[in-house]
1. How far, in degrees from 0 to 90, does helix 42-51 lean away from the longest principal axis of the Cα atoms of the chain, to the nearest 10?
2. Treat each spin label as a single point 7 Å out from the Cα along the C-beta direction, and report the Glu24 to Asn62 distance in nm.
3. For n ≥ 4 DSSP H runs only, could you compute -39500 (n - 2.57) per run for the chain, divide by its residues and tell me the 222 nm figure to the nearest 500?
4. For a label point 7 angstrom out from the Cα of Ala80 toward its Cβ, which stretches of region 41-65 have the backbone nitrogen within less than 18 Å?
5. For helix 13-40, what angle does its Cα long axis make with the longest principal axis of the chain, in degrees from 0 to 90 and rounded to 10?
6. Compute the long axis of helix 63-81 from its Cα atoms, compare it with the longest principal axis of the Cα atoms of the chain, and write down the angle in degrees, 0 to 90, nearest 10.
7. Normalised by the empirical 2.2 N^0.38 Å for globular proteins, what value does the Cα Rg of the chain take?
8. Got a sec? How would Arg68, Arg79 order by Cβ neighbour count within 10 Å, fewest to most?
Amino acid sequence: MSRARRANAIPNAQLQSDVSDAMERAARGIRKAHSLSEEIGDTQFVSVLEQLQIRSMTTIRNLETLKRLVTALEEFAARAAA
């Protein structure tokens, strides 16, 4: 298996598009998680990470885990705002 540092370095156009889309979704999810962490505070953010068994933002294994994190943070922020 070869590795590419940029999506446009992948020779297959469809795979290139899929990788680019996944990278964009990941970037949006990370920005959203960061924004929500600022909104709810460090203690609560760490609590949500622990509940999902995520060691840190650098150890999120895949987009599904990132999605679960963002959803949990959104739910926590909504409860805190109510």
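Each value in this text was obtained by applying a stated rule to the coordinates, not by laboratory testing. Owing to the predicted nature of the structure, the values given are computational and were not obtained by experimental measurement. Here the Cβ positions follow ideal geometry from the backbone for every residue, glycine too, while neighbour counts run over all protein chains shown.
1. For helix 42-51, the angle is close to 70 degrees.
2. 2.2 nm
3. -23500 deg cm²/dmol
4. Under cut-off, by backbone N: 41-54, 56-57.
5. Tilt relative to the chain: about 20 degrees.
6. With both axes taken from Cα atoms, the answer is about 30 degrees.
7. Dividing the Cα Rg of the chain by 2.2 N^0.38 Å gives 1.31.
8. Arg79, Arg68
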